[in-house]
Each structure stands twice: as structure tokens, then as C-alpha cells.
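*Asks:* I am attaching a structure below and will ask some questions about it afterwards.
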Amino acid sequence: MDKQNNKRIRTRDEFSSFLESLFSVVSAENIIYDPERLTAYECDGLTAFRATPLAVLLPRSVEEILSILAVCKRYKVPIVPRGAGTGLSGGATPIEGAVVLSLARFNRVLEIDPKNRTARVEPGVTNIRVSQEAAPYGLYFSPDPSSQIACTIGGNIAENAGGIHCLKYGLTVNNVLGLKLITLEGDILTLGGKGAESPGYDLLPLIVGSEGLLGIIVEATLRLLPKPECAQLVVGCFDDLAKASQAVSLILSFGIIPSGLEMMDKLVLDAVQADMPRALLNSAQAILFCEVDGMQEEVEEQSIRVKEIMLKAGAKEIVVSKDDSERMLLWKCRKSAFPAMGRISPDYYCMDGTIPRKKLAYLLKKIDELSAHYNLKVGNVFHAGDGNLHPLILYDQSVPGEFEKVEKMGEKILELCVQVGGVITGEHGVGLEKLNSMCIQFSSEEIEQFRRVKKAFDPYSLLNPAKTIPTLHRCAEFGKMHLHKDNDLWGGLERF
Ligand SMILES: Cc1cc2nc3c(=O)[nH]c(=O)nc-3n(C[C@H](O)[C@H](O)[C@H](O)COP(=O)(O)OP(=O)(O)OC[C@H]3O[C@@H](n4cnc5c(N)ncnc54)[C@H](O)[C@@H]3O)c2cc1C
């Protein structure tokens, strides 16, 4: 962890006095400090990193949040905002000496406005609930992370979450119209609104994806879309990952913009196969899911085209959904891929890098080589249309030294992503996990600029510090250089 975050509360007396100040501003039932109950907040979905917070605070009102921030500022106690804790990069994991600020009780849908096609919600509302509440009006919220039953809108915004349908309808950043944000200084900022344009500097996209470093999101206005008239899912089975990757490029080069274009390899298929149609299991090395949506005629025409393209690229079997319930069942196989990995491995580490699509086959081959080198199995399930890879490195946490090996391999995969012109995260964020990889992606000048932006919102560095932006000292210790994509630096990386 970076050195900037020395524990600020050092003695039992200081802690008692801090707690007393909290009890004077937040009701007792909204403060957790009993060590047993704190264990539930030791980490997010990235369970390899853990720390116990000083306390967990569950405010119910903006006034309570303002008071909590003032107390934390007085005692110089870092604050880690938290939604549902499903993040995969350690964003909501406490750091030593910090409190967790849970937004779980900010869970009201404030307004569904069918005329403007917007929803105004509190940050603790789950992603799926927005679409459920909008459904009676024929509307839905399009960003759909696989964790959508549990993850919250606050967490989605802070991570700029993606999902299966983001290829056509955009990431969270493209579907948030307005925000209310509380800064550490206690200012309440209103950014954007119901309309597409607003006056002044456009700070909204700066906050989306800021990983809880710049302020506490207390309200969001979301764009709702009309449900498409119909949708059809074409699922192809390939005996080679490279052929499936070629089908991805072909589909897009024919001008089709699928509402979802996802791939999974043999290992992941082994994990989810109980749920897959038999026809798709025969000697499949890769499965490609391609959904098209829109007006009935357009969908029929495009799904025929997609089927032809998949066959041309070498698909062995193809299944086309006959109705919506079959389409949802097929998607369930894709969406259940992460949890299903538990069937074949005690632990897995989910990476998240994005590359130009034309490099898909190349990078998958390189990941295979890394897998052999480190003697660690890797499953691939990913948003192929966006070039957003999720290599799942399988391991056993109980084997000493195995996780360190996994971490090294993960860093190598991200280095490869940067080398081919990609980025170290597509949707899971940097958090605690990818601090070293930030040193590869960005120059020291760029990292310094990120630090200045953070300071403008949070001069005392108390909001989720030690995350996302590495210190230059750390980059120097890590000993890795920022990679210039255009340079031929392969020599340095082929050492693994
Ligand atoms: C099985 C599984 C599947 C997943 N699939 C996907 C996927 O398809 N696409 C995808 O993008 N992600 C996916 N994720 C990752 C995760 O669900 C997303 O990152 C999600 O957006 C996190 O939401 P959360 O409410 O759990 O946030 P948390 O994990 O609680 O927090 C995430 C970050 O947001 C910050 N934060 C939370 N609330 C606020 C707030 N109100 N104000 C300021 N900062 C805040 C936290 O400090 C932290 O940095 C998956 C995770 C799992 C476990």
C-alpha cells in the first residue's frame, strides 16, 4: 500500500473520542464497530486483499453524510465509500485506519419520468431495480453488469460499469445524465440534469469512473431506453478460438452492431456446461454469443446474416433463440460464468483489460503461453465486441505462494494489453489491484496530473486514498516504465 496513508488514529483514547463524535451526529443503529460484524466489510469481490475498518457507517440522510465527513476530516480518518461490495479491484476494500461509508440505506427510487425517459435514484438502488421500476413504462436502464442483481448504481457510476449490452448502448458514462455529489469540504455539487446538455465545465464524465476518490454520489439521474421490439440471440460453437475471434471482426465489419457480442472458451464452457444446450458442447473450443435487436424485420434479417458469417468463419454448430425465454436462458449461461468457475477451481482471479479487437486472437494466444509458463489454468469469458477481456486465472488460495504467482501473471497480461494499444481496465476499475499497472499505462506527468485533480476535490486525501492513483515513489519501486505503444518494446516483455 502507498505510504501516504499512515494511520491517523493511533491510541484507544483517540478512537473513543472519534467514536463519541460519530455517535453525536449519527444514530447508534447506523454505526457498526463490533469486530465480528466488521468482518463482512473487510473486502469487496476481490477477496485476496483485506483490512478491517475502524467502523462502518450507514447514514440515512445527506445531513448525516455531511456530519460524518466533518468528523472524519477533524480526526484525519480516511473514508471508503461502499455500495454492495461486488467490485473486483478492491475499490470498496478498507485501508488501514479508515471507516467504510456504506450507501446501502440510500435505496429509494425517487422518480421514473417516462416523458423524459429518465430515472432519478439514490446510489444504493441496485442496477436491476431501475429496469424493474421502469418496465411498466416499456423502458429499461441499459448498462447490465453480470452482477446486476446485487451491485448498486453508486458502484456502477464510480466504476463506469459495463455489461453485455454496452457495445450498442454504451457504458454507464453514456447513460448517466446527472449527479449530486458531496465533496469532502461539504459542498453539494449538482452536475448535469435531465437534459443532454448543461452549462459550464462538463464535470459529469470526470466523476463517472472516479472510484470514490472525488466525492460521495448521493443521487443520480439515469437515461432510460425504450425496450426494443424484439431481439434474437445467435450462438455459434467453434473448434478454434482464432476462428471465433475472426467471426467477431467479420460481424462488425459488415456494419452490424449487435446488442451483445460475447465469447467464452472451453474451460469456462466446462464450468457452465450443465446449463448449455447439448448441440453447443460438441468439441467446442469457443462459444460466440451474438444478439441483435430492433424492429422485427431488421432482427430477422440480421440474425440470418450473423448465422452466415459465423458459418463462413468456421462455426461447427449454431443455435438461434426461438423466443425470449430461450434467449434469456442462453444469456444466463454467459452471465453465470464467473460464479460457475467455483465448480472447477477453489479460487479464481478475474483480470480486466481492453484491447483493439483485431488483436484478440493474438492476445488469447499470448495468454495461453503465459498460462503454460506459470503453470496456471486460465479461462476466458469476455465482451468480445468491446475487446474487453476477462481472463480468469484459476488457483488455490491455500497453496502457499500461489496467489503471488497469479498476481505476477495478471500484471503480465495487463502489460500485454498496453503493448497492443489497449488499457489496463475495461470496467472493473483500478482500485488497489492495478496500482502497479497504472505505472505502465501512464507517464509520471500524467499520474501527477491525476493527483492534482484529486487534490482539487479532496485536498486532505481522505476519500478512498491509496487507491487508483499510484505514488511516483511506488512506480519507481515497481521499476517499470510507462510503455509508448508505438515503440517496439516486445523484447522486454518476452522474458516471461
Ligand atoms: C459475479 C460478478 C460479475 C461482475 N460482472 C461485471 C460486469 O459484467 N461488468 C462490470 O462492469 N462489473 C462487473 N462486476 C464488478 C462489480 O459488480 C461492478 O464494479 C459494480 O459496479 C460495483 O458495484 P457495487 O455497488 O458493488 O460497488 P462497490 O464494490 O461497493 O464499490 C465500487 C467502487 O465504487 C465506489 N462507490 C460505491 N458507491 C459510491 C458512492 N455512492 N459514491 C462514491 N463512490 C462510490 C467505492 O468506493 C468503490 O471504489 C462483477 C462482479 C461480480 C462479483
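Every read-out reported here was derived from the displayed coordinates using simple, explicitly stated rules and does not represent laboratory data. Since the structure is predicted, the reported quantities are computational estimates derived from the model, not experimental observations. Cβ atoms come from the backbone with ideal geometry, glycine included; neighbour counts cover every protein chain shown.
*Asks:* Do any helices (runs of 4 or more DSSP H) lying entirely in the stretch 259-367 carry at least 3 residues that are within 29 Å of the chain's Cα centre (by Cα) and farther than 30 Å from E404 by Cβ, and which ones are they?
*Replies:* The qualifying helices (runs of 4 or more DSSP H) are 324-335.
*Asks:* Exactly one of these conditions fails for K412: (1) touching a Leu at 6+ places or on another chain (Cβ under 7 Å); (2) more than 14 Å from D352 (Cα to Cα); (3) of a type in the set (K, R). Give me its number.
*Replies:* The one condition K412 does not meet is (2).
*Asks:* Right, here's the next one. Filter the stretch 168-178 down to the residues that are surrounded by fewer than 24 Cβ atoms within 10 Å (Cβ to Cβ) and either touching a residue at least 60 places away in the same chain (Cβ under 8 Å) or under 12 Å from the mean Cα position of the chain (by Cα) (or both) and list them by number.
*Replies:* Matches in the stretch 168-178: K168, Y169, L171.
*Asks:* Answer yes or no as to whether G236 is touching a strand residue (DSSP E or B) at 6+ places or on another chain (Cβ under 8 Å), in a loop (DSSP other than H, G, I, E, B) and buried (at least 16 other Cβ atoms within 10 Å of the Cβ).
*Replies:* Against the criterion (touching a strand residue (DSSP E or B) at 6+ places or on another chain (Cβ under 8 Å), in a loop (DSSP other than H, G, I, E, B) and buried (at least 16 other Cβ atoms within 10 Å of the Cβ)), G236 does not qualify.
*Asks:* Next question, about the same structure. Going residue by residue through the stretch 168-185, is there one that turns out to be more than 15 Å from the ligand (Cβ to nearest atom), over 29 Å from P258 (Cβ atoms) and in contact with a helix residue (DSSP H, G or I) (Cβ under 9 Å, 6 or more places away or on another chain)?
*Replies:* Yes; the residues of the stretch 168-185 include at least one that is more than 15 Å from the ligand (Cβ to nearest atom), over 29 Å from P258 (Cβ atoms) and in contact with a helix residue (DSSP H, G or I) (Cβ under 9 Å, 6 or more places away or on another chain).
*Asks:* Residues of the stretch 421-447 being β-branched (V, I, T) and under 21 Å from C166 (Cβ atoms), which ones?
*Replies:* Once the filter is applied, which keeps residues that are β-branched (V, I, T) and under 21 Å from C166 (Cβ atoms), the stretch 421-447 yields V423, I424, T425, V430.
*Asks:* Here's a follow-up. For the list (1) near the ligand (Cβ under 9 Å from one of its atoms); (2) of a type in the set (A, V, I, L, M, F, W, C); (3) part of a strand (DSSP E or B); (4) over 25 Å from L462 (Cα atoms), I need the number of the one condition that I164 fails.
*Replies:* Among (1) near the ligand (Cβ under 9 Å from one of its atoms); (2) of a type in the set (A, V, I, L, M, F, W, C); (3) part of a strand (DSSP E or B); (4) over 25 Å from L462 (Cα atoms), the lone unmet condition for I164 is (3).
*Asks:* Looking at A92, A84, A70, A55, can you tell me which residue is out of contact with any Ser or Thr (no Cβ under 8 Å at 6 or more places or on another chain) and closer than 29 Å to F141 by Cα?
*Replies:* Result: A92 is the single residue among A92, A84, A70, A55 that is out of contact with any Ser or Thr (no Cβ under 8 Å at 6 or more places or on another chain) and closer than 29 Å to F141 by Cα.
*Asks:* Looking only at residues in the stretch 21-46 that are polar (S, T, N, Q) and without any contact (Cβ under 8 Å) to a residue 60 or more places away in the chain, which one is surrounded by the fewest Cβ atoms within 10 Å (Cβ to Cβ)?
*Replies:* Step by step, filter the stretch 21-46, then rank; the result is S24.
*Asks:* While we're here: Can you tell me which residue among G195, G154 is more than 14 Å from the ligand (Cβ to nearest atom) and not basic (K, R)?
*Replies:* Being more than 14 Å from the ligand (Cβ to nearest atom) and not basic (K, R) holds for just one of G195, G154, which is G195.
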